[in-house]
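Remarks on the structure that follows.
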Amino acid sequence: MSKKHVSRKLKSAWRKHIDISDVDRFLEEQRQDERAGGGKIGEKPDVELFTEDRKTSASKPTLREIRKKKFDELPRSLLPLVNTSNVSDPIVKRNIKKNRNPIAPVAPTPVRIKKRGRPSGIAPATAEDIWAKDPVPAELKNEWIGKELLHHTLRNVGKPLVTNLPARMDKAQRVLPLRKKLPDEGLSYNPAIDDYLKLKQRVIKQEQAVIKKEQHYDRVVTQMFVKVTPEERHITELKEMSEGLVTAVKPEPENKAPASKAKEAPAEEAAAEDAAADTPPAVVVAKRKKPISRAKKRAREVQEQEEKLIQREISKLIAIDNLDEISKEIEKNERKAKLIAKKRAIKKKVLRSRIKMPLEFVEPQQLSGSLRTIQPLTNLLATGLPKARKVAILQRSRGEVERKKHRVKKVRYTRSSHKELVPESKA
């Protein structure tokens, strides 16, 4: 068979059309030999392939020797870094950085650990006189600082005068509980968190009880009174003050009737009133409206819309004619509003200087010197802090939150088919 001519212009064409199976076979055999024993088995001597079992004359190593030998071996954590391949380095000449400033290795000095002996319980003698040394600091030596406050301060600073350590106590007293005594009021400005939370819960309960009582009084007292408008109150006062003073005088007719007829008239009126009270009022049935056709109804609506449109256009023309008057009125209102705002600002400024704060709040930086000379701050933000804290501490229930929400008023409409018949009153 004639060989087919193929192009070997590119590297991929060379790889495709050249037979390298013999080279691959040779390299595969070499790799398998290296895996098996690091070379060809036929070329290796017998010493490397076979070993003789000989009974060791040395005795079994002790546990101490095994532990010591482990320190000489390479740690297991560094074993993956060891090069175990038998393939030689392809770079024959490799630049290895050498240490330019070699330091001679110094043999480590053996560290001798001194074993601690049993404690004798006797403190070594000191040159200084411990009784002459005063443990109380100079800043705490004051006639205003009492004994309890001194002990409390030093104990919390970490330098207690009296140490109750079980190691330094007798065995009979170690099991006895120490007498815990809380400091007096005013000693500690940094109380424990549990004490603070208990006090806070107590204050919250007191405040909630007060608020509940106020709501109860408001519900059973304030809201029970009838609310009267100022106009109604004024009419009632006039009526009460004029009671018995003004009498309604009826005009007498020109043709006076005889005395007998005049006496009979009131009796007849009274009898007529009693009869009217006994007879039930007649029920008035609403008349049925005359039906209107849809075309007429639509024409009426169109006419109403046109009239509204014409009226709107007429009002626009009137407003254009009165433009000068409107602009003058707007300017007048603006000047008036500016004057009122200016007066309000002056009034607020005067009132602010006269307002007495409910609480006196002083910043910690100003607490220096005599307390008599400190001027209280007139700061609403500072004085309003207690109320803000109170509002933040009191937790409202979900029902209270829902009741406080702004509710939209619902208007109920009655359909014309469901309206009740109103009895016609006699005029």
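Exactly one residue out of Lys263, Lys332, Lys239 is assigned to a helix (DSSP H, G or I), among the basic types (Lys, Arg), open to solvent by 80 Å² or more (accessible area, probe 1.4 Å) and modelled with pLDDT of 90 or more: that is Lys332.
So, in segment 122-156, of the ones that are open to solvent by 100 Å² or more (accessible area, probe 1.4 Å) and not in a loop (DSSP other than H, G, I, E, B), which residue ends up nearest to Ala167 (Cα to Cα)? Restricting to residues being open to solvent by 100 Å² or more (accessible area, probe 1.4 Å) and not in a loop (DSSP other than H, G, I, E, B), the top hit is Arg155.
Residue-wise test of (1) under 21 Å from Ser88 (Cα atoms); (2) surrounded by 10 or more Cβ atoms within 10 Å (Cβ to Cβ); (3) in contact with a Lys or Arg (Cβ under 7 Å, 6 or more places away or on another chain); (4) in contact (Cβ under 8 Å) with a residue 40 or more places away in the chain.
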| residue | (1), (2), (3), (4) |
| --- | --- |
| Lys9 | no, no, no, no |
| His17 | no, yes, yes, no |
| Glu29 | yes, yes, no, no |
| Asp46 | no, no, no, no |
| Pro61 | no, yes, no, no |
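Listed conditions (1) modelled with pLDDT under 85; (2) acidic (Asp, Glu); (3) within 54 Å of the chain's Cα centre (by Cα) are all met by Asp129, apart from (3). Looking at this structure, is Pro119 under 30 Å from Ala167 (Cα atoms), modelled with pLDDT of 75 or more and out of contact with any Cys (no Cβ under 9 Å at 6 or more places or on another chain)? No; evaluated as a whole, the condition is false for this residue. Tallying residues that are over 32 Å from the mean Cα position of the chain (by Cα), open to solvent by less than 80 Å² (accessible area, probe 1.4 Å) and not β-branched (Val, Ile, Thr) within segment 196-227 yields 1.
The values are calculated or read from the model by the stated rules, or taken from the named source; none is laboratory data. Note that the structure is predicted; figures quoted are calculated from it, not measured. So basically every Cβ, Gly included, is an ideal-geometry build from the backbone, and we count neighbours across all protein chains shown. Note: areas computed on protein heavy atoms with side chains; ligands, DNA, RNA excluded. Shrake-Rupley method; radii C 1.70, N 1.55, O 1.52, S 1.80 Å.
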